[in-house]
């Protein structure tokens, strides 16, 4: 419990908000806790860049039993940068969301060192902080450029574990914050951090009315910096990242029927890839980026196809009069898992592309769908119905054990972080579509609602090329 | 509205009869030489083009013999794509209209409630629409007259999240073109 209260104040302290804003935050915190019975709540603020449609992020579960205590000291920065330089806040919030870290509130720190000379390790040992991050930001003579550097220390050993410096544009505060969080996370846990990744999702405004508006959005993995890639009065669904993170494939009803669209994330390219009679849907890039698995029902019933993107040649993978849909690739690209009701109820199957060898993977429950394999290829996450309620479940394919990860209803569209540590999914909260994240062991949860409408269909990006120039 | 529609049908039959009679008479009788009047075309136009229609004045709402709009929405059980027996008579009427109007086509939209995954529901919605399409074809409608489009759970009739709304949303809708 101390974790939660500590961290709420930590985020506020990092912001150094006005008394008024602090009061608002505290009030919001109380009301939500009262209403939802939240264990812990945390709001992310980056006033200079957060767009109106960005997602809010609220931590609702405290995570692992003994999270690692870490202190991220507010970075030293001259007055001219102070509005933007809440780097420590971004780093702390990233690490807290992983559930594995418990960042110390800055107001509880005994000192605010920004250089090695000013660090007294005894202070941090008293605070039971296992790790310490300090840093500095300095404007460069070159216009709009800033020099940022940080150091990570092991407090017990009094040893420098990591240090890095960057030259960034003033628009890249969040990028460098996420980057530092990635480096700290990787150094301490041994797992590559996924804080610099992005998410795609669909924002639906006035869904169910004649004025419904559908927007394909891309945002930071924490929901900040959202922007619209495509907007339509017709539905959008099933967005999928290319493995290089440069393109998205998705389904749009813009022609009055579903068609598959291929589009640049940052460029002008946009093309309707298929517009066959019937269903054109569920596009998913192969791991090598050369092919798209998809569902077409031009022959009368939905079947899995693989399209070579360069030649546009189609190869039919399934051949069954039942529903075959929701393909996704094994990490090695050699097989496809998909949903089929060929056994009477929707279950997950896997087909080897070279041999057409087909195997049923799920046997527990009468509704298992929309599966994704973990990066190790040995575990599966999918939508699982239990007692009429739809949850996200995880299955060990070797042991055949099944673990239900979520406790809400109408949970769908699980999408894995590229490091396999967390997954994002869509669910509902008080009748509103929201995104939520759960760790792969089910212990850490946070949610990302949007004040702009219903959000759904999340797709977590692969690891993206570094946008920062390390010096 | 319905009475009006019925009356207009009667009027059309009468007009058609008059038109045939009129043709034979104008051929023999001398016509008065009058100066052309500016408003003249407005008066004659409706008599020539209209034929008996299976559609209301908007030309997309199918109507029965008495001019009543025919239901275009058909509901389904949860996770099922089986036609409700009580809908078959209405579907038969749609089939007859499409057979009589072979130049007309219909889009059969399939919809689902929000439970279950979106892509699976897209497939389920297509199955529902296909059940309607199959019935219409077996009743003599040309397959070229029918297009099946599934919206899955993306276009709910009722956006609420309860069993009443779900029942409204599990449907297939005929849209005449």
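Every number here is computed from the coordinates shown, using simple stated rules; none is lab data. Since this is a predicted model, take the numbers as computed values, not measurements. Here the Cβ positions follow ideal geometry from the backbone for every residue, glycine too, while neighbour counts run over all protein chains shown.
Can you divide the C-alpha Rg of segment A:101-177 by 2.2 N^0.38 Å and report the result to two decimal places?
Details: Rg = 14.0 Å, N = 77, 2.2 N^0.38 = 11.5 Å.
Dividing the Cα radius of gyration by 2.2 N^0.38 Å gives 1.22.
For segment A:160-206, the calculated P(r) over all alpha carbon pairs, in 10 Å bins from 0 to the bin holding the longest distance, is 23, 41, 23, 10, 3, 0 percent. Binning the alpha carbon pair distances of segment A:303-461 at 5 angstrom intervals from zero yields the distribution 2, 9, 18, 21, 19, 15, 9, 5, 1, 0, expressed in whole percent. Applying Stokes-Einstein at 37 °C and 0.692 mPa s to the Kirkwood radius of segment A:320-375, computed over alpha-carbon pairs, gives a translational diffusion coefficient of 291 µm² s⁻¹.
Considering the convex hull of the alpha carbon atoms of segment A:131-210, report its projected area averaged over all viewing directions, in nm², one decimal. Mind showing how you got there, number by number?
On the way: hull surface 34.6 nm².
Quarter of the Cα hull surface area: 8.7 nm².
The mean of 1/r over all pairs of different alpha-carbon atoms in chain A, once inverted, gives a Kirkwood hydrodynamic radius of 23.4 Å.
Footprinting exposure proxy ranking of B:61, A:325, A:115, A:362, fewest other C-beta atoms within 10 angstrom first, gives A:115, B:61, A:362, A:325.
Averaged over the residues of peptide A:320-331, the number of Cβ atoms from other protein chains lying within 10 Å of each residue's Cβ is 2.
Count, for each residue of A:251-258, the Cβ atoms from other chains sitting within 10 Å of its Cβ, then give me the mean as a whole number.
Numbers: counts 5, 0, 5, 0, 1, 5, 7, 7.
Mean inter-chain Cβ contacts per residue within 10 Å come to 4.
Axis angle, to the nearest 10 degrees, between helix A:2-15 and the longest C-alpha principal axis of chain A: 80 degrees. Placing a label point 7 Å from the Cα of residue B:66 along the Cα-to-Cβ direction, the residues of segment B:79-94 whose backbone N falls under 20 Å from that point are B:86-94. Each 10 Å bin, from zero up to the one with the longest distance, holds this percent of the alpha carbon pairs of segment A:426-471: 23, 36, 26, 13, 2. Computed over the Cα atoms of segment A:370-471, the ratio of the radius of gyration to the Kirkwood radius (Rg/Rh) comes to 1.02.
The value of relative contact order for chain A, using C-alpha pairs under 8 Å at least six residues apart, is 12 percent.
What's the angle, to the nearest 10 degrees (0 to 90), between helix A:19-36's Cα axis and the longest principal axis of chain A? Here the helix axis deviates by roughly 40 degrees. Here segment A:198-234 and segment A:80-136 have alpha carbon centers that stand 35 Å from each other. Segment B:49-98 and segment A:302-372 have Cα centres spaced 37 Å apart.
Seen from every direction in turn and averaged, the convex hull around the alpha carbons of segment B:54-174 projects onto 7.4 nm². Only helices enter the 222 nm calculation for chain A: every DSSP H run of n ≥ 4 contributes -39,500 (n - 2.57), and dividing by all residues gives -4500 deg cm²/dmol, rounded to 500. Any idea what diffusion coefficient segment A:103-243 gets from Stokes-Einstein, in µm²/s, Kirkwood Rh on alpha carbon pairs, 37 °C, 0.692 mPa s? The calculation lands on 180 µm²/s.
Given the convex hull over the Cα atoms of segment A:198-470, what projected area results after averaging over all orientations, in nm²? Present the calculation step by step, with values, prior to reporting the outcome.
Working: hull surface 60.2 nm².
Hull-based average projected area comes out at 15.1 nm².
Within 10 Å of each Cβ in peptide B:146-154, how many partner chain Cβ atoms are there on average? Round it to a whole number, please.
Average neighbour count from other chains, rounded to a whole number: 6.
At q = 0.09, 0.13, 0.14 Å⁻¹ the log10 of I(q)/I(0) for segment A:270-391 amounts to -0.24, -0.50, -0.57, computed by Debye summation with a single uniform scatterer per C-alpha, solvent ignored.
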